[in-house]
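Visitor: Below: one structure in structure tokens.
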Amino acid sequence: MIRKFVLGSYGVNLYVIYDEINKNAAIVDPAVYDSKVTKFIDSLKLKVDCIILTHGHGDHLLGIDKYKEKYKCEIIAHKSEKDLLSNADLNFSKRMSGEPITIVPDKWLKEDDVISIGRINLKVIHTPGHTKGGICLLSDDFLISGDTLFFNSIGRHDLFGGDYKILMQSIIKKLMILEDDLTVYPGHGSETTIGYEKSNNPFIKEEMK
């Protein structure tokens, strides 16, 4: 199961992924600390195993310390995100919140790693281009795309670690090969599907000509 919360002035989508039977859960992209999230988790008596970062920009990190303190869970991110997570100027956390945020994850991820949340398995797809260590998370039923792919759009590529050509390679070669009816949950904005983006996303249509 997946539950979305739209949080903060940057409109970040925080996701709670959870196994409703075993009660294991993960928080993806802890945008800000919000009682709506904690009340939802606590009302279902979920056990938060981990906080997963799709990438290291400050708008996706602002609540991380409080969620980790409350749930005593590990933080996991792709190994190529080390530079961004360790530098508050590069990840823009100080500019966004007034407080610098630097993070040393408890576990580093790599391509094709599988994160198990109870009976739910999330496959790590490394999709650099927005940042060096950007990832998407693939389950049987959905894809969490972080800031790699949006409804009718793509992630920025003009910040530290960004590269348009690499981003488009990530999207075309790793995401557009997935099933057309797969639901995509992005880091900002509305849900979409792989098939819709193939047919309608102007960036993808241009690359796939």
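Taken together, the values in this text are just the output of simple stated rules run on the coordinates, not laboratory data. Being a predicted model, the structure only gives us computed values, none of them experimental. Counting neighbours? That spans all protein chains shown, and the Cβs are built from the backbone with ideal geometry, glycine included.
Visitor: Scanning segment 54-79 for residues that are touching a residue at least 60 places away in the same chain (Cβ under 8 Å) and either assigned to a helix (DSSP H, G or I) or in contact with a strand residue (DSSP E or B) (Cβ under 7 Å, 6 or more places away or on another chain) (or both), which turns out surrounded by the most Cβ atoms within 10 Å (Cβ to Cβ)?
Guide: Gly56
Visitor: Working carefully through the options Ser145, Ser170, find the one that is under 19 Å from Glu207 (Cβ atoms) and assigned to a strand (DSSP E or B).
Guide: So the residue among Ser145, Ser170 that is under 19 Å from Glu207 (Cβ atoms) and assigned to a strand (DSSP E or B) is Ser145.
Visitor: Specify which of the listed residues (Val6, Val16, Val12, Val28) is crowded, with 18+ Cβ neighbours inside 10 Å, without any contact (Cβ under 8 Å) to a residue 40 or more places away in the chain and within 20 Å of Tyr185 (Cα to Cα).
Guide: Every option except Val16 fails the conditions.
Visitor: Let me ask another. Among the residues of segment 31-42, is any of a type outside the set (Gly, Ala, Ser), in contact with a Gly (Cβ under 9 Å, 6 or more places away or on another chain) and closer than 23 Å to Val184 by Cα?
Guide: yes
Visitor: Then there's this: So, in segment 34-66, exactly how many residues are within 17 Å of the chain's Cα centre (by Cα) and closer than 20 Å to Glu20 by Cα?
Guide: 6
Visitor: Out of Ile154, Ile103, which single residue is without any contact (Cβ under 8 Å) to a residue 60 or more places away in the chain, of a type in the set (Val, Ile, Thr), closer than 21 Å to Val48 by Cα and in contact with a helix residue (DSSP H, G or I) (Cβ under 8 Å, 6 or more places away or on another chain)?
Guide: None of the other options fit; the residue is Ile103.
Visitor: Next question. What is the residue count in segment 173-198 for residues that are touching a His at 6+ places or on another chain (Cβ under 9 Å), surrounded by 21 or more Cβ atoms within 10 Å (Cβ to Cβ) and part of a helix (DSSP H, G or I)?
Guide: Number satisfying all stated conditions: 0.
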